[in-house]
Amino acid sequence: YTILSKVHSDRNVYPSAGVLFVHVLEREYFKGEFPPYPKPGEISNDPITFNTNLMGYPDRPGWLRYIQRTPYSDGVLYGSPTLENVGKPTIIEITAYNRRTFETARHNLIINIMSAEDFPLPYQAEFFIRNMNVEEMLASEVLGDFLGAVKNVWQPERLNAINITSALDRGGRVPLPINDMKEGVYVMVGADVPFSSCLREVENPQNQLRCSQEMEPLITCDKKFRTQFHIDWCKISLVDNTKQVSTFQEVIRGEGILPDGGEYKPPSDTLKSRDYYSDFLITLAVPSAVALVLFLILAYIMCCRREGVEKRNMQTPDIQLVHHSAIQKSTKELRDMSKNREIAWPLSTLPVFHPVTGEIVPPLHGDTYDNTSMPLMQTQQNLPHQTQIPQQQTAGQY
C-alpha cells in the first residue's frame, strides 16, 4: 500500500500516480558522512536537519511534503503523485546539516512516477484521525493497521492509501502540550467497490443532527477502529467519482452571444511614427497659458486696485469719523481705569457670622435706610462691620 525506502546516494524510486509515496531520511545513515564524535567510544548523537528541494528550484514539487519534528528524529518525504508528472523524472536534492560541526552532506533522490492501473479509484473516503500525528501515521505498521481496519469494514478488492495530510495544513490549531494531545491527521483511501452500509450511516438524518449539535454520531463499525484510532465521523468525506456530473455545457447562441467575427488579425509590426507636438500643446501649453492669465488678473486686483486708509477716510463722512474716534478714546480710558482701580469685595461675599465669636453680624443699615443710593460695590474702608482675623503671634512676644 505504500512505497517505503531508505536514503542512499542517488537513489531511484518508482512510485505510482495516485498512491501514497513515503520516503524516510534516516539520521543513522548520514552520521557516517560526518566526522566521528570527539571522544572515542561514545555514541554520536549529533543534531541533524534536512533540507529538500527540487533540483534547480528553491522548494519541492506541489504534491510532495516534508516533515521533521526535531533535529534528533528522522525526516520524512511523503505525498501523492499526480498524472501530470507521469514519465517525468523528478530529482530531489537532499542536504543534511550537522548542527554540531556545521558540515553538510548532499544526496539526490530520483523519483520516477509511473501510471497506476485503474487510476483513479472511483470511490474515495477521507477519515480524520484525532489521536495521531502525521509522522506517526506515516509509519508502515500504523498505516497498515488502519488500512486493515478499513478493509474489514469496506470489503473492497483493491484498497490504496491515496494521501495523508496534517490537520495543521487544513487550518487546524496547534494543540496544547497537555495530556499528550495530538494535532490530528486526514487519511484518504480509495477503493473499487461502493461504500459499505457502515460508512453510509454518517449520512443518516439522525447522525447529521447529532453532528450539528457537536455530539458523536452512532456508527456501528466504530468499535473496529476505536481500539487504536479515534475517528471523527462528523468530518468523514465520501466521494463517488462515478456520479460526478460533467460541468461542461454546450453554449447555445442567443441574443447574449456575440456573433463569430472570424479569426483575430493583430496589427502589423510596422507602425507609423506619430508626432506628439500637438498633444503636448493641448496637454501642457494651453492649461499653463490659462493659469498665467488668471494669475495676472488676480495680481492686478490685489496690488493695483488696493484701497488705502486715506482713501477710506476721504470717502467716510466726518460725523462718522468723529463718533468712531470718540468710541476708541472712551474704550481706551475705561481700560486704563480698570487697570488702576482697587478691587473691593462685593456685599454678597461678606461673612454672615463672626469668624471668632460665631455671632450673627448685624446688617449695615436698618430697615428704614434708603438703599436706592447705595453703591453695588463698596471698598474695604467703607465696611464698618468687617471683622479682622487675628494674626498668630510669635513666641518671643509672650
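The values are calculated or read from the model by the stated rules, or taken from the named source; none is laboratory data. Here the structure is a predicted model, which means the values were calculated and not measured. Cβ sites come from the backbone with ideal geometry, for glycine too, and all protein chains shown count toward neighbours. Each accessible area value is taken on the protein alone, full model and side chains, heavy atoms only, with ligands, DNA and RNA left out. Shrake-Rupley method; radii C 1.70, N 1.55, O 1.52, S 1.80 Å.
Residue 61 meets each of the listed conditions (1) in contact with an Asp or Glu (Cβ under 9 Å, 6 or more places away or on another chain); (2) in a loop (DSSP other than H, G, I, E, B); (3) at pLDDT 85 or above apart from (1). Filtering the range 72-131 to residues that are in contact (Cβ under 8 Å) with a residue 60 or more places away in the chain, in a strand (DSSP E or B) and of a type in the set (Val, Ile, Thr) leaves 76, 94, 110, 111, 129. Of everything in the range 134-179, what is among the acidic types (Asp, Glu) and within 20 Å of residue 68 (Cβ to Cβ)? Give them in sequence order. Listed by number, the residues that qualify are 135, 136, 141, 169.
Over 30 Å from residue 176 (Cα atoms) and at pLDDT 85 or above - does that describe any residue in the range 131-148? Looking for residues that are over 30 Å from residue 176 (Cα atoms) and at pLDDT 85 or above, one finds at least one in the range 131-148, hence yes.
Looking across the range 196-232 at every residue that is under 37 Å from the mean Cα position of the chain (by Cα) and part of a loop (DSSP other than H, G, I, E, B), the one that is surrounded by the most Cβ atoms within 10 Å (Cβ to Cβ) is identified as 229. Apart from one condition, residue 168 fits all of (1) part of a helix (DSSP H, G or I); (2) open to solvent by 80 Å² or more (accessible area, probe 1.4 Å); the exception is (2). Scanning the range 171-195 for residues that are touching a strand residue (DSSP E or B) at 6+ places or on another chain (Cβ under 9 Å) and of a type in the set (Val, Ile, Thr), we see that the one that is most open to solvent (accessible area, probe 1.4 Å) is 193. Quick one: is residue 47 surrounded by 12 or more Cβ atoms within 10 Å (Cβ to Cβ) and either within 26 Å of residue 115 (Cβ to Cβ) or in contact with a Ser or Thr (Cβ under 9 Å, 6 or more places away or on another chain) (or both)? Considered against the rule, which asks whether it is surrounded by 12 or more Cβ atoms within 10 Å (Cβ to Cβ) and either within 26 Å of residue 115 (Cβ to Cβ) or in contact with a Ser or Thr (Cβ under 9 Å, 6 or more places away or on another chain) (or both), residue 47 comes out as yes.
Scanning the range 318-352 for residues that are among the polar types (S, T, N, Q) and modelled with pLDDT under 85 yields 338, 340, 348, 349.
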